[in-house]
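Q: Provided herewith is a single structure, encoded as structure tokens, for subsequent inquiry.
Values quoted throughout were computed directly from the atomic coordinates according to the rules given, and no laboratory measurement underlies them. Please read these numbers as outputs of a predicted model, since none were measured by experiment. Cβ atoms come from the backbone with ideal geometry, glycine included; neighbour counts cover every protein chain shown.
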Amino acid sequence: MKDEEFIVPVKFRDDRLLILDQTLLPGEEKYIELETKESVWDAILKLKVRGAPAIGVAAAYGLYISVRNSKAETLDEFGSEIEAAADYLVTARPTAVNLAWALQRMKQRFASLCMDAANDSKMAGDQRTAGGHDGKSGTDFRHSDVDAAKAALLDEAEKIRIEDEESCRAMGEYGLTLLKPGMGILTHCNAGTLATAKYGTCLAPIYLGSEQGYDFRVFADETRPLLQGARLTSWELSKAGIDVTLICDNMASIVMKNGWIDAIVVGCDRMAANGDGANKIGTSGVAILAKEYGIPFYMFVPTSTIDLNTPTGDDIKIELREGSEIYEMWYEKPMAPEGIKTYNPSFDVTAAKYITAVVTEKGVVRPPYKENLAKLFEK
């Protein structure tokens, strides 16, 4: 595919944050503008923008638009607004580590700018004092410093987007080394270009392989209850001209038994230090089946999604969602008795022992994960 043919789920044009509303797919391809922190929060919570990397990109731009019209006159005042907006946005989806990661990175960029401004102010104050004038304190900055801070936040959001594109491309190239032409590949949920700045994570090698004539046959789980596989993965792959077959989640076992699946590729929303990976509900079941049938199970994980501060998958907070998603959202009338109790976790955790290899933008990582994932962050 040519670059211009890729679907871009998050765009920033002319100081406007636009997202492809994925709740409308595949019926309607519509970009909506997010103008406030409330609209960004709502879009992330309701999966109008989704996928760990895309959430991180949207959150970075979202923090910028949350404070771009600030009337703060000092960096101290502006910093308080940044903290408040970030604290609010991070509550939208707690399991996806890229959300917190992107917001923290934006805050670090601001902190770095403040340090530079403080040093500049101190130097100017020392010079004025040496000349017989009173020096100003390091926290009394002009409004132009706030304007510079706004520009820095936007620049950092742009860097996060560009780095995600480059990361996904690299994961695609590394992932392709694990696959062979003509393979049947099963995927769960959507970790394609819709879930990232571009290319996708686990679908990136599918796109790159398609360009090189690999002729993959992809089987996409529908991914209950929000149907990301049916609505999104099958849509974007068929749109790209890739051979894709949609199956129900509970058909994964039979297609493996039939010998139609040679490899399984999935994304990840948070990976613990020991290699346990949280992904869309149902992923762990696919991994367990893969182990039974002797099929390699590859999890594609940008390093920004690896959380070395989370020891194991048991320490990952799992988001619980409204039960109406199970029995009502996709039906003309409710498909369960009124008042029925529901349990609707958005994610489950695949134990590291079921993961054949972890594919990152820095290379392919194999067990033991606790030691080898940590090496990715060594300087």
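Q: For Rg/Rh (Cα atoms, Kirkwood Rh), the choices are [x] 0.96; [y] 1.01; [z] 1.03; which was calculated from the structure?
A: Comparing each candidate, only [z] matches the computed number.
Q: Of K30/K180; K11/K280; K257/K341; K71/K198; K159/K353; K48/K239, which ones are farther than 31 Å apart at the Cα?
A: Beyond 31 Å: K30/K180; K257/K341; K71/K198; K159/K353.
Q: Also, I was wondering about something else. Hey, what's the Kirkwood Rh for the range 1-60 if you take every pair of different alpha carbons, in angstrom?
A: Final number for the Kirkwood radius of the range 1-60 is 11.9 Å.
Q: Another question about this same structure. When the dipole is taken about the Cα centre of the chain, and only Lys, Arg (+1) and Asp, Glu (-1) are charged at their Cβ, what size is it in debye, to the nearest 20?
A: It works out to roughly 780 debye.
Q: In addition: Given H placed on each backbone N at 1.01 Å, which residues far from T245 in sequence or on other chains put an amide H within less than 5 Å of it?
A: So T245 has HN proximity to V218, F219, A220.
Q: Could you tell me which of Y61, P311, N372 has its Cα farthest along the dipole of the chain towards the positive end, charges placed at Cβ (Lys, Arg +1; Asp, Glu -1), taken about the Cα centre?
A: Of the candidates, N372 comes out farthest on the positive side.
Q: Would you mind calculating the relative contact order of the range 19-99 from Cα pairs under 8 angstrom and at least 6 residues apart, reporting the percent as a whole number?
A: RCO, the range 19-99: 32 percent.
Q: Using modelled backbone amide H atoms (1.01 Å from N, in-plane), which distant-in-sequence or interchain residues come within less than 5 Å of N279's amide H?
A: Amide H to amide H, under 5 Å and 5 or more residues apart or across chains, N279 pairs with D269, D348, T350.
Q: I need the shape label for the range 283-323. Rule: rounded when a/c is under 1.5, else prolate if a/b > b/c, else oblate, with a, b, c from the alpha carbon gyration tensor.
A: oblate
Q: Same structure, new question: Sequence gap at least 6, Cα distance under 8 Å: using those rules, report the relative contact order of the chain to the nearest whole percent.
A: The value is 15 percent.
Q: Right, something else. Quick one: what are the phi-derived ³J(HN,Hα) couplings along the range 240-255, Karplus 6.51/-1.76/1.60 with θ = phi - 60°, whole Hz, x for glycine and proline?
A: Taking θ as phi minus 60°, the curve returns 8, x, 9, 5, 9, 10, 8, 10, 6, 4, 7, 9, 4, 5, 5, 6 Hz for the range 240-255.
Q: Rounded to the nearest 20 debye, what is the charge dipole size of the range 301-376 about its Cα centre when +1 sits on each Lys and Arg Cβ and -1 on each Asp and Glu Cβ?
A: That gives a dipole near 460 debye.
Q: Given the options W235, W101, W330, state which has the largest fluctuation in a GNM of the chain using a 10 Å cut-off (strictly under) for Cα springs.
A: For the chain, modelled as a Gaussian network with Cα springs under 10 Å, the answer is W330.
Q: On a straight-distance basis, which aspartates and glutamates could pair with K107 in a cross-link, Cα separation under 12 angstrom, same-chain partners fewer than 8 positions away excluded?
A: E81, E83, D87, E156
Q: If packing is taken as the average count of other Cβ atoms within 10 Å, what order do 260-267, 41-48 fall into, highest mean first? Kindly include the intermediate steps, with their values, before the conclusion.
A: Numbers: 260-267: 23.1, 41-48: 18.6.
Descending packing order for the listed peptides: 260-267, 41-48.
Q: May I pose another question? If you average the sequence gap of Cα pairs under 8 Å that are 6 or more apart and divide by the length of the range 242-327, what percent do you get for the contact order?
A: 34 percent
Q: Placing +1 on the Cβ of each Lys and Arg and -1 on the Cβ of each Asp and Glu in the chain, which of G182, S70, V301 has its Cα farthest towards the positive end of the resulting dipole?
A: Result: G182, furthest along the dipole toward the positive end.
Q: Going Cα to Cα from K291, which aspartates and glutamates come in below 16 Å? Please leave out same-chain ones fewer than 8 positions away.
A: Correct list for K291: D262, D276.
Q: Follow-up. Tell me the mean residue ellipticity at 222 nm calculated for the chain from its helices only (DSSP H runs of n ≥ 4, each -39500 (n - 2.57), averaged over every residue, nearest 500).
A: So the calculated ellipticity at 222 nm is -12500 deg cm²/dmol.
Q: Expressed as an acute angle from 0 to 90° and rounded to the nearest 10, what is the orientation of the C-alpha long axis of helix 283-293 relative to the principal long axis of the chain?
A: 40 degrees
Q: Taking only Cα atoms, what is the 0 to 90° angle, nearest 10, from helix 75-89's long axis to the longest principal axis of the chain?
A: The answer is roughly 20 degrees.
Q: Another question, if that's okay. Kirkwood hydrodynamic radius, computed over distinct alpha-carbon pairs, for the range 221-379: how many Å, to one decimal?
A: 17.0 Å
Q: With each pseudo-label sitting 7 Å past Cα toward Cβ, what's the Y343-D87 distance in nm, one decimal?
A: Inter-label distance under the simple model: 3.4 nm.
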